[in-house]
Structures are given as structure tokens and as C-alpha cells.
1. Mind telling me which of the residues Arg43, Arg23, Arg18 ends up being touching an Asp or Glu at 6+ places or on another chain (Cβ under 9 Å), open to solvent by 70 Å² or more (accessible area, probe 1.4 Å), more than 26 Å from Val86 (Cα to Cα) and not small (Gly, Ala, Ser)?
2. Looking at segment 48-94 only, could you name the residues that are under 19 Å from Asn36 (Cβ atoms), without any contact (Cβ under 8 Å) to a residue 12 or more places away in the chain and of a type in the set (Val, Ile, Thr)?
3. Can you pull out the residues in segment 23-57 that are part of a loop (DSSP other than H, G, I, E, B) and touching a strand residue (DSSP E or B) at 6+ places or on another chain (Cβ under 6 Å)?
Amino acid sequence: MLAKFDIEYVIHPHHNKRVDTHRTDDPVEAEDFLMNLLASGARVNAIKHEGVELAQKQSDQMIHVAAERLASRVLGRSLDLDSVEVKHRFGFAA
């Protein structure tokens, strides 16, 4: 059985060419994993849903959500704000 989401990525892309794949059936876990990839500077090669690569618009939307969540988390932690304050001041949802 295929996992709902496959994320193909490269850790340390300047020093490594090996492509790894993270598989999950949970869309929230997929966003969390993307968020961690963005934070670590990994290269995201492809996002697949049920074995088929997402269209660029869909892939970009998932990455956009992960980037907003990451920005919200960093702002909250760095400025000691709760999620309501981050949303009010910066427009990022928690």
C-alpha cells in the first residue's frame, strides 16, 4: 500500500547527493516534516501524493504553509509571544 505523502529530499545538498524519502499518511505530519526540512536547509526534490508528484501549485502551497508555520514558531520563540500575538502583529497563523 502506498503512503499518502512521499517527500523526497536531500540533507546537506552541497555535500551530499543521496535522495531520501519520508513517507506518511498524515498531512499534518507531512507539513511538520517540510517545516523541519526548511529549517535545516535541506533540498526538497518532490512531494508526492499517493505515488503521483504534486503539481507545482499544490507543492508550493504545502511548502508555503510549512514556511508560515516555521516563521510563526521562530517569531513566537524569539520575541516571547504567544500565537495570538504573532498572528496579530505579523499575520502568521500558529
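The values are calculated or read from the model by the stated rules, or taken from the named source; none is laboratory data. Model, not experiment: these values are computed from the prediction. Counting neighbours? That spans all protein chains shown, and the Cβs are built from the backbone with ideal geometry, glycine included. Note: accessible area is taken over every heavy atom of the protein model, side chains too, but ligands, DNA and RNA are not part of it. Shrake-Rupley method; radii C 1.70, N 1.55, O 1.52, S 1.80 Å.
1. On the way: Arg43 fails: touching an Asp or Glu at 6+ places or on another chain (Cβ under 9 Å); Arg18 fails: touching an Asp or Glu at 6+ places or on another chain (Cβ under 9 Å).
Among Arg43, Arg23, Arg18, only Arg23 is touching an Asp or Glu at 6+ places or on another chain (Cβ under 9 Å), open to solvent by 70 Å² or more (accessible area, probe 1.4 Å), more than 26 Å from Val86 (Cα to Cα) and not small (Gly, Ala, Ser).
2. The one that is under 19 Å from Asn36 (Cβ atoms), without any contact (Cβ under 8 Å) to a residue 12 or more places away in the chain and of a type in the set (Val, Ile, Thr): Val74.
3. Step one: of segment 23-57, the residues part of a loop (DSSP other than H, G, I, E, B) are 25-26, 41-42, 50-51, 54-55.
Within segment 23-57, Ala42, Leu54 meet the criteria.
Residue-by-condition table, conditions (1) buried (at least 16 other Cβ atoms within 10 Å of the Cβ); (2) in contact with a helix residue (DSSP H, G or I) (Cβ under 7 Å, 6 or more places away or on another chain); (3) among the basic types (Lys, Arg); (4) at pLDDT below 90:
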{"position": "Ile47", "(1), (2), (3), (4)": "yes, yes, no, no"}
{"position": "Gln56", "(1), (2), (3), (4)": "no, no, no, no"}
{"position": "Ser59", "(1), (2), (3), (4)": "yes, no, no, no"}
{"position": "Ile63", "(1), (2), (3), (4)": "yes, yes, no, no"}
{"position": "Ser72", "(1), (2), (3), (4)": "yes, yes, no, no"}
{"position": "Arg77", "(1), (2), (3), (4)": "no, no, yes, no"}
{"position": "Leu81", "(1), (2), (3), (4)": "yes, yes, no, no"}
{"position": "Glu85", "(1), (2), (3), (4)": "no, no, no, no"}
{"position": "Phe92", "(1), (2), (3), (4)": "yes, yes, no, yes"}
